[in-house]
Structure formats: structure tokens, C-alpha cells
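Remarks on the structure that follows.
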Amino acid sequence: MLLISWSLVEFPAMSTSAAASKPRISPTAQIMIGLVVGLIVGYIISVTDKSVADYIRPFSQIFIRMIQMIIAPLLFGTLVAGIAGAGHFKDVGRMGLRAIIYFEVVTTLALVLGLLAVNIMKPGVGMVLPAPTGAPVISTAAQTWDQILLHVVPRSVIEAMATGDVLQIVVFSIIFAIGLGMVGEKAKPMIEWCESLTEAMFKVTHIVMLYAPIGVGAAIAYTIGTSGLQVLQNLAYLIFTLYVALAVFFAIVLIPVMLIFRIPIVGFFKAIKEPALIAFSTTSSEAALPRAMECVEAFGVPRRIVSFILPLGYSFNLDGTTLYLSLASVFVAQAAGVDLTIGQQVTMMFTLMLTSKGVAGVPRAALVILAATLASFNLPIEGVALILGVDALMDMGRTMTNVVGNCLASVVVAKWEGEFREPAAEAAAS
């Protein structure tokens, strides 16, 4: 019955003009409805017959499998098209190098803060998730440095894609993209093919997300039906943990950067408040990009720097998203009862540092990267469907942080290049 009702919502009859004129329910609203329906069904199951939950679980597993099937081609296409197509590694020059150094330092700090927050506040402890299927739980024995190093390099990219080893896929994709860039004009057909693959995977991701309300509803219903309402407390605590971590990131990373580069703090936030609010309300960095470019230029950054650094940052400087990914990954491990060692968490951080690049344009990009990371560490991907139910609330904060971080990066590079216009910044602050 649930499937039928959702199919009617998602695929209205195209033959009637009345149906065509009705506004469609937004994807976020559909997911929230799926969450509510799943809560009600799960509670009824928990107080009546918990064995019924086993009939619901396959519908959540379908969603998980569809997410898994798009990971390898999506990562390969986006990374190769993004690196080889744009030629970032070749053409950016001094300004690009400085930007990349800044991006990597700040996103690494965001990852570390995410790990610290989730290990200190432990939002997943006490939650019950099913054990991962099809693979053993990650070993808690610490890996030696040579095992970690050797695991980074794939023996076969086909094997890496077949087993879902995301880190190896990313390493091959980066090397392949650099090789394409060195080929020159002859590489253009392959780059265009990767760009076509990327566009196709965007559409496939959109198709998969049409099933998200059913997957979320089924996942919540199964989890609450078997584990009770304790799950809701953990999810609420996860949201709280994320916003605390984002606030700390602003306080000990972004504001000190402004102080180091002598950027007027009040003037900066006043200048970029509009794109930040757009990002927060729409959960879309792309929606805020045009206005962000205007505001940063008005603040005193030359147009040539703004037009280069902001788009580059959308691939390489996703502060809020990287913080969220490290936090959410360990949250799922805590919920599954898997105790990750420090070495394993550092390896996970390194994996996220690479996998979070180049997929900013993908709808629900963080969801895909989170699923890929969990799969790499044999953690239960069912946690993705649960988190997706409250993802809209977390997406607002992390998207706003992404936009603010990229606006700040543009100002930092302008300062670093000695081209920042102080009078414009003073005017924006007044």
C-alpha cells in the first residue's frame, strides 16, 4: 500500500492536464513524509508484532543497493572530468597552488573536528543497527603503516570497483585524470566521454533519489519496529552534535583565519549574509553561487580571483560537508557497535579527504560519499537511510558553512596575492 501511494505521488498520470498542472511535492517534503509514515508504522510494529519488520526491511535494502551501484561510475566520472577537464593540476599557477594548500589545510581541520565531536559526544552509542551484510565487520586490530600504504594502490581498478574499494577507485581516477591531461588534444574524446558519464550518473542519482522516501520510511519502520523509539533520541543528538561541531569550526578555524589575514570579521559576515542565508534556506550551494560572487567582489576581491577561486572551492573546499562526513561515518560505526581504532579513523579521514572532491554538483552528494565510505569499511549502509530522514536539517548548516568557507577562501587568496581592495571592504562594513 505504501509503495502504491508513493508511486502515485511521484509518477502522476501524464495523460490528464489536471494532474500535470498540480504542483509536485518537493523531494525534501517527500522524504519527511516517508520519515513520519515510517515512524508510525515502526511504532505500531514495536508494540504489536516485531516479526513484521522483517517484511519491511527488503524495501530499505533496495534503496541501499541502488546507492551502492552508482558509487564507482559516479566517482570515476566526476573525478576524471573535474580534474582532466578543468586542468586544475596544470593551469592554476601560483594562485591555484595557494588556493589548494589553503583548501586542504582547512578541510583537514574540518575532518578532525568532526572526528573529535563524534568521539566526545558519542551520538551513536546506544543505538542499534543491524550488522553489515555480505562482509565481516571491520577488524578492530590496528593496521600497520605498510598495510595502510599498500592498500591505497589498487592491483586492479576492476577489482577495486567490483569490491567497492572507494579509496583505490579515487587513487586510480586521479592518476588517470593526470595522465589524460598530459596527453593533450588526443585525450579530448575520453574527457568528453567522462563528462557524458558524469552527466548520466547525475540523472541516475536523481532517479535513485525518487525512491528515497520509500527507502527512508522502510528503514525507519524496520529500525524502530525492532529497536524502539530510542533511535529518535540518537538522531536528534546527531543533529545537535553536528551544529555544535560547525559552531566550533567557525570559532577556532574560520575566525582565526580572518584574524591571521587581517580580514574585518563583522564586515565579512555582513557582506556575505545574503548568499549564506540562500544556502541555508535552499540547502544548495549552487543556488547561492551567483550572489556569492557578487558579494565577495563588492567586498574587495578582484573579479578574476572570485571567478576562479569560488568555483574551484565548490570541488575542493567543502568544509561543512567534510566535517559532516567524518562525523556521520563514525556515528554509524557507533550505532553498529563497531569500535574503530585511532588508526582506522585516520584512514577513514584520509579516504574522505579524497572522496569528497569533485562531486559537489551531485544531488545528495554527501549521501553518496557517506555510503561509499561505509562500504569501504564494511559498516552497515542501512545507517545512510536512517540519517537521510533527518538529512535536510543537517544539510542546511553544512551547506551554509560550505558557502561561507568558499567566500572566505576567495578573500584569503586575494590577501595572499596582495590584490585585496581595503576601501571596498571598509565600505561593505559600514
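The values are calculated or read from the model by the stated rules, or taken from the named source; none is laboratory data. Here the structure is a predicted model, which is why all the values come from computation and not from measurement. All Cβ positions, even for glycine, are placed from backbone atoms using ideal geometry, and neighbour counts span all protein chains on display.
Results, tabulated for the structure shown:
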| item | result |
| --- | --- |
| Odd one out for LEU229 among (1) at pLDDT 85 or above; (2) farther than 27 Å from LEU354 by Cβ | (1) |
| Some residue of the stretch 338-350 being under 28 Å from SER173 (Cα atoms), surrounded by 24 or more Cβ atoms within 10 Å (Cβ to Cβ) and not small (Gly, Ala, Ser) | yes |
| Any hit, the stretch 163-184, residues being surrounded by 13 or more Cβ atoms within 10 Å (Cβ to Cβ), part of a loop (DSSP other than H, G, I, E, B) and in contact with a Ser or Thr (Cβ under 9 Å, 6 or more places away or on another chain) | yes |
| Answer residue from the stretch 290-299, given it is touching a residue at least 60 places away in the same chain (Cβ under 8 Å) and surrounded by fewer than 24 Cβ atoms within 10 Å (Cβ to Cβ) and is farthest from PHE269 (Cα to Cα) among those | ALA298 |
| Meets criteria (under 30 Å from GLU382 (Cα atoms), surrounded by 13 or more Cβ atoms within 10 Å (Cβ to Cβ) and among the aliphatic types (A, V, I, L, M)) for LEU210 | yes |
| Some residue of the stretch 307-323 being surrounded by fewer than 22 Cβ atoms within 10 Å (Cβ to Cβ), small (Gly, Ala, Ser) and either over 20 Å from LEU115 (Cα atoms) or at pLDDT 85 or above (or both) | yes |
| Residue satisfying condition, being at pLDDT below 80, within 25 Å of MET201 (Cβ to Cβ), in contact with a helix residue (DSSP H, G or I) (Cβ under 8 Å, 6 or more places away or on another chain) and not polar (S, T, N, Q), within set VAL368, VAL332 | VAL368 |
| Selection count, the stretch 84-101, where residues are part of a helix (DSSP H, G or I) and either surrounded by 22 or more Cβ atoms within 10 Å (Cβ to Cβ) or modelled with pLDDT under 70 (or both) | 9 |
| Residue within the stretch 50-66 that is modelled with pLDDT under 80 and in a helix (DSSP H, G or I) present | yes |
| Only listed residue being under 24 Å from the mean Cα position of the chain (by Cα) and among the aliphatic types (A, V, I, L, M), chosen from VAL170, VAL183 | VAL170 |
| Residue within the stretch 342-358 that is within 10 Å of the chain's Cα centre (by Cα) and either at pLDDT 80 or above or outside any loop (DSSP other than H, G, I, E, B) (or both) present | yes |
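Each row is one residue, and each column tells you yes or no for (1) of a type outside the set (Gly, Ala, Ser); (2) within 30 Å of SER410 (Cα to Cα); (3) assigned to a helix (DSSP H, G or I); (4) at pLDDT 85 or above.
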position: ILE33; (1), (2), (3), (4): yes, no, yes, yes
position: VAL41; (1), (2), (3), (4): yes, no, yes, yes
position: GLY82; (1), (2), (3), (4): no, yes, yes, no
position: VAL105; (1), (2), (3), (4): yes, yes, yes, yes
